[in-house]
Amino acid sequence: MKRALALSLVTGQFLLLAALAFIPHGTLWFTNVGVIVAAISLGLVGAVLVVLGVIKLGSALTASPIPREKAQLVTTGVYGLMRSPIYAGLMTGGVALVLVGASAWHVVAWVALVGLLSMKTRWEERMLLAEHPDYRSYGARVGRFVPGIGRLAAGE
């Protein structure tokens with residue numbers, strides 16, 4: 001059951017990212033030079049967060065929210081700034097696709113992606129709390145997707 005839910009979340013995540021990339025362009029706003037520059041900038045920031053997160057996790061990396069057994073808790077590098085930089089990077093890159101896509105469907109897909117990644121993160125963090133005694137103090141110091149925002153409370 002646990003693995004099936006994990007697979008469903010990962011599949012949903014990739015389907016929503018694909019939707020953001022392939023939904024037809026809309027007309028909610030003009031995609032002028034400013035919008036394109038903002039989209040490229042956000043896309044680059046998102047890509048950097050994903051790459052740094054992947055590199056820093058090393059052998060602990062998994063698309064599944066179920067942490068790898070006996071993997072070390074990574075709290076340095078980009079993980080010293082935010083607990084979920086890969087998900088933050090996907091959300092940021094998603095905003096870039098929304099800006100370029102300019103449709104209500106892009107906005108809906110991005111909101112669904114943020115909801116799914118938020119749910120996936122909370123579930124993953126419950127497992128990390130059970131696996132790593134230091135996770136609670138780490139989570140109290142470091143924000144979830146944005147530095148300083150979404151820190152764990154003592155009773156969370």
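The label-point distance for Arg122 and Val146, in a model that sets each label 7 Å from Cα toward Cβ, rounds to 1.8 nm. Would you please name the chymotrypsin sites (Phe, Trp or Tyr not before Pro) within the stretch 1-65 that are DSSP coil residues with at most 16 other C-beta atoms within 10 Å of their C-beta? Those satisfying the criteria are Trp29, Phe30. If you plug the beta carbon distance of Ser137 and Leu15 into 1/(1 + (r/R0)^6) with R0 = 41 Å, you get a FRET efficiency near 0.70.
Label sites at Met1 and Val33, each approximated as a point 7 angstrom past Cα along Cα to Cβ, lie 5.8 nm apart. In a solvent-free Debye calculation with one equal scatterer on each Cα, what is log10 I(q)/I(0) for the chain at q = 0.15, 0.17 Å⁻¹, listed in the order of the q values? Normalising to I(0) and taking log10 leaves -0.81, -1.00. For the stretch 111-156, the alpha carbon convex hull comes to 67 Å³ per residue, rounded to a whole number. Accessible area per residue for the chain is 56 Å², calculated with a 1.4 Å probe on protein heavy atoms, without ligands, DNA or RNA.
Among Val108, Val33, Val51, the largest mean-square fluctuation in a Gaussian network model of the chain (Cα springs under 10 Å) belongs to Val33. GNM on the chain, alpha-carbon springs under 10 angstrom: the most fluctuating residue among Gly94, Gly12, Gly34 is Gly34.
The percentage of C-alpha pairs in the stretch 50-125 whose separation is greater than 21 Å is 32%.
Relative to the compact-globule estimate of 2.2 N^0.38 Å, the Cα radius of gyration of the stretch 1-65 comes out at 1.49. Label sites at Ala130 and Val48, each approximated as a point 7 angstrom past Cα along Cα to Cβ, lie 3.7 nm apart. Taking the protein heavy atoms of the stretch 1-113 in the context of the full set of protein chains, the accessible area attributed to carbon and sulfur is 75 percent at 1.4 Å.
The values are calculated or read from the model by the stated rules, or taken from the named source; none is laboratory data. Everything numeric in this text was worked out from a predicted model, so none of it was measured. Cβ: placed from backbone, ideal geometry, glycine included. Neighbour counts: every protein chain shown. For the accessible areas, the whole protein counts, side chains as well, though only heavy atoms, and no ligand, DNA or RNA atoms are used. Shrake-Rupley method; radii C 1.70, N 1.55, O 1.52, S 1.80 Å.
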